[in-house]
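What follows draws every value from the coordinates through simple rules; no lab data is involved. Keep in mind it's a predicted model, so treat the numbers as computed, not measured. Cβ sites come from the backbone with ideal geometry, for glycine too, and all protein chains shown count toward neighbours.
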Amino acid sequence: MKPTDTQPSAADAAPSGPSRRLFLAAGAAAGAGAFAAGATGVALDRAGAFRGSPTATDDAGTNGQRVVPFYGEHQAGVTARPGAFASFVALDLKRGVGRERLAAWMRLITDDAARLTQGRAALADVEPELAATPAGLTVTVGFGPGFVTRARRDKPEWLAPLPAFTIDKLLDEWSGGDALFLVAADEPGTVAHALRMLLKDSRLFATLRWRQDGFRRAYGSDPHGMTMRNMFGQVDGTASIRPGTADFDAAVWARPDAPAWLQGGTSFVLRRIAMDLDRWDAVDRVGRENTIGRRLDNGAPLTGTDEHDALDLDAVDAHSLPVISSVAHARRAHVADPAKSIVRLGYNYEERSAPGSEALSLTGLLFGAWQANVTEQFVPIQRSLDEADLLNVWTTPVGSAVFAIPPGCTEGEYLGQALLEG
Ligand code: HEM
C-alpha cells in the first residue's frame, strides 16, 4: 500500500482559513504544531510532539513515523540503520565566533535535532507539517580541526587533513570544514526540512562550505537487512561490523587515550569518490568481479557461494593463481583485527552534468568511515588501496574531510558540551 493511502499529509490535516493562520502563527512562535489528522489518528500535541503510533516500525508498511531516539551515550546516527537519503554538510565558522558562541550554537542545534528527530517541529519552525514525518531521521554533528581550535582545546593528532595519496585529485569545494551536519532519513523532504532548520540556526555562527547529497536503496524497495548496491552495480557494505557487538565497540568508540571531551564519541572520514561509469561500461563481467574479488549477482566472495561467506584469501585456482587477485579491492582493503578496522557508511551520489556535456552523469560514492582513530585505522587501509587496487582504474577521490564526532547527550545537555565547557 502506498504511504499516501494511509496517511494524509500534515498539511491536509491542518485547519484552513483564519484558524490555519493562527495555527501557523502559534507554531512559529512556540515551535508547536497543534493539529490533528482525525481519521488517521496521526496528531501533534501542543508541544509539537507526534502522537498516534510512535512505535510504528519498519514492518507497518510505511515508516514515516519511525523515530530514532535522540538522547544517549553516543550520537544515534553512528549506530542507527542509515536512512535512504542523506545530506552531508560542512560549515566554516564566522570570524570572531569563539568558545561561548560555539556553545550557544550547539545548544540551538541540539534542541533542533532533539525535536526534529522525534517528529516535532523545531522552535520557530514555520513549516511544522514537514517535521511530522521523521522517517527515522538522525542528525549527527561533527567538529573539524577549526572548531576545536576555536574551542581552545587539544585536538587528537588525527584531526587534520588526511596525508596525501597518489590517487587523490582533491578539490577544495568538496574538502575540509570546521563542522559537519550529517542528516539522514528515509524521506528526502524530511532531510531537506531538517537541514534547512539547522542551517537557519547556524546563520549567525557559520557559513556553508559544501553540501553533498547521497542515496541508498529507498525504503521498501528491498527486504530489510539487504546490503545496498553502489552505482557500479556491486553489493557494497557486506564485510561490515554491526553495531551492538564488541567488534563494533573496539573499532568505533574513542579509546581511553583520546581527549576527555571525545569519550563516547568517534571520528568520521568522508571521501567523495568519482566513479567513471562510462569506462566501467567497457569492462566485462569477469573483469568486474575480479576487480573486487566478489560476485556481482549476490556479492559472494569468488571463493564462496553466499554473500556472507568469509573471503578465502589463500585459495588458488588450477594454475596455482590466487582466486581473489592480489590487487582485488576486497583483498587490499581487508583487515582481520576489529581494532584496526573501519565501519563504512556509503551513499551513492549522482550529479547532473552540464547541459551539452559529453559526460552522461557525474556519479560516485560518498564514502564515509567511522573509526576510533583515523591514523591507526583509516589511513593504513587507504594506503593499501593507494599502493595497489584494481578499482583505482575507475575511481578517483575528489573530496576529503575529517571530523571528530562528539558523544551523545542527555536531556538538558547539548552536543559538544564537554568540549565547550570542559
Ligand atoms: C568508489 C570507491 C569504492 C567502491 C566502489 C568500493 C566498493 C567495495 C565493494 C563492492 C566491496 C565488497 C563488498 C563489501 O564487503 O562491502 C568493498 C569492500 C571494502 N571496501 Fe570498498 N569501495 C570503495 C572505496 C573504498 C575506500 C576508499 C575504502 C577505505 C579506505 C574501502 C574499504 C573497504 C573495506 C574495508 C572493505 C571490506 C573488505 C573486507 O574485509 O572484505 N573501500 N568495497
Restrict the search to the range 308-404; then list the GluC sites (Glu not before Pro) that DSSP places in a loop and that have at most 16 other Cβ atoms within 10 Å of their Cβ. Glu358
Identify all aspartates and glutamates with a Cα-Cα distance to Lys169 below 15 Å; exclude those on the same chain that are fewer than 8 residues away in sequence. Asp276, Asp386
Quick check on the chain: helices-only [θ] at 222 nm, where DSSP H runs of length 4 and up contribute -39,500 (n - 2.57) each and the sum goes over total residues. Nearest 500, please. -6500 deg cm²/dmol
Quick query: amide H of Arg295 versus all other amide H atoms, modeled in the peptide plane; which residues come in under 5 Å with a sequence gap of 5 or more or a different chain? Ala300, Leu302
Straight-line reach check, Lys340, cutoff 16 Å on alpha carbons, 8 or more apart in-chain or any other chain, hits among aspartates and glutamates -> Asp247, Asp249, Asp257, Glu376
Charge dipole (debye, nearest 20) of the chain; +1 at Cβ of Lys and Arg, -1 at Cβ of Asp and Glu: 1380 debye
Could you pull out every residue, at least 5 positions away or on a different chain, whose amide H is within less than 5 Å of the one on Leu345? Hs are placed 1.01 Å off N in the peptide plane, and Pro or chain starts have none. Gly368, Ala369, Trp370
Pick out which of Ala333, Ala318, Ala192 has the largest mean-square fluctuation in a Gaussian network model of the chain, springs linking Cα atoms closer than 10 Å. Ala318
What is the magnitude of the charge dipole of the range 179-238 about its Cα centre, with +1 placed on the Cβ of each Lys and Arg, -1 on the Cβ of each Asp and Glu, and no other charges, expressed in debye to the nearest 20? 280 debye
Using a Cα-Cα cut-off of under 20 Å, which aspartates and glutamates could be cross-linked to Lys200, ignoring same-chain neighbours fewer than 8 residues away? Asp92, Glu100, Asp111, Asp112, Asp125, Glu127, Glu129, Asp178, Asp213
Extension gain from Arg152 to Thr396, taking 0.36 nm per residue of separation minus the Cα-Cα distance: 84.3 nm
Residues whose built amide H sits under 5 Å from the amide H of Trp210, excluding neighbours closer than 5 in sequence, are Ala90
Which of the trypsin sites (Lys or Arg not before Pro) found in the range 87-118 are loop residues per DSSP with 11 or fewer other Cβ atoms within 10 Å of their Cβ? Arg95
Between Met226 and Ala164, what is 0.36 nm times their sequence separation minus the Cα-Cα distance? Round to one decimal in nm. 18.9 nm
Checking Asp247, Asp186, Asp281 against a Gaussian network model of the chain (alpha-carbon springs below 10 Å), the top fluctuating residue turns out to be Asp281
